[in-house]
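Below you'll find the structure, written out as structure tokens, and then a few comments.
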Amino acid sequence: MPTPVFKRILLKLSGEALAANQGFGVDPLRIHEIAAELADVHSLQIQIAIVVGGGNFFRGVAQQAREMDRVSADHMGMLATVINARVQSAIEMNQVAEPFIRRRAMRHLEKGRVVIFAGGTGNPYFSTDTAASLRAMEIKADVILKATKVDGIYDADPMLVKDAKKFAEISYMEVLKQGLKVMDSTAISLCKDNNLPIIIFNLNQSGNIRKVVLGEKIGSLVSA
């Protein structure tokens, strides 16, 4: 059996990734595809935690929230993440989700369970990227894997700029200095302060999660 380079990972999944080409809601076929990939990675004896977004239902900074109070809009966005996850939530709703308790989450991981974190950080003005960084630190993850629709970090949007340059590796400071849209600045700063590496990769290419955990050089690495 191949030897993984990470023992415990935190995977950041956007809500849009769950919607696939529908653009809204949840695509059952895509959910099954992602779950199958995660089951394959889990079979390598890797402990997996997931932070899921809610942009497939509602985003606090989106156009649909333009006329809303930001705090209320962000709370609606947090509830959207619970619809996508329904496992451990930073906002207590005992009928549908277990509350986030760090020691319980660690115990689930040690027992070989996949843990999904919902509700962001439980506070407005913080993105699910920041929640991913915070939870990764709390559970002592080896790395954050951020699943996206592009194959890494570029100096410009590769969908719009044909000769955009891809970074195989880049430092936290360079990401912040260049204002690259990898994760928000709070999330990057948290990772920098705690020396937690981030790998950005394309989720839409089948098998990429497995390749990353086995140490293949795909995507872009953000580190010190």
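A few notes on this one:
- Residues of the stretch 118-137 classified as over 18 Å from Val82 (Cβ atoms) and either outside any helix (DSSP H, G or I) or touching a Cys at 6+ places or on another chain (Cβ under 7 Å) (or both), total: 2
- Restricting the first member to the stretch 99-117 and to residues that are assigned to a loop (DSSP other than H, G, I, E, B), and the second to residues that are modelled with pLDDT of 95 or more, the beta-carbon pairs closer than 6 Å and six or more apart or on different chains are Val114/Ile48.
- Residue check for Lys140: at pLDDT 95 or above, surrounded by fewer than 17 Cβ atoms within 10 Å (Cβ to Cβ) and assigned to a loop (DSSP other than H, G, I, E, B): yes
- Selection count where residues are β-branched (Val, Ile, Thr) and either crowded, with 19+ Cβ neighbours inside 10 Å or in contact with a Ser or Thr (Cβ under 7 Å, 6 or more places away or on another chain) (or both), scope the stretch 149-178: 3
- Test: residue in the stretch 166-181 that is of a type outside the set (Val, Ile, Thr), within 15 Å of the chain's Cα centre (by Cα) and farther than 17 Å from Val41 by Cβ: yes
- For the stretch 7-45, the set of residues classified as assigned to a loop (DSSP other than H, G, I, E, B), of a type outside the set (Gly, Ala, Ser) and open to solvent by less than 40 Å² (accessible area, probe 1.4 Å) consists of Asp27, Leu44, listed by residue number.
- For the stretch 50-79, taking the residues that are within 10 Å of Gly120 (Cα to Cα) and among the small types (Gly, Ala, Ser), the one that is modelled with the lowest pLDDT is identified as Gly77.
The values are calculated or read from the model by the stated rules, or taken from the named source; none is laboratory data. Note that this is a predicted model, so its numbers are computed, not measured. Positions of Cβ are backbone-derived with ideal geometry, glycine not excepted, and every protein chain shown enters the neighbour counts. Side chains are part of the model used for accessible areas, which takes the heavy atoms of the whole protein and leaves out ligands, DNA and RNA. Shrake-Rupley method; radii C 1.70, N 1.55, O 1.52, S 1.80 Å.
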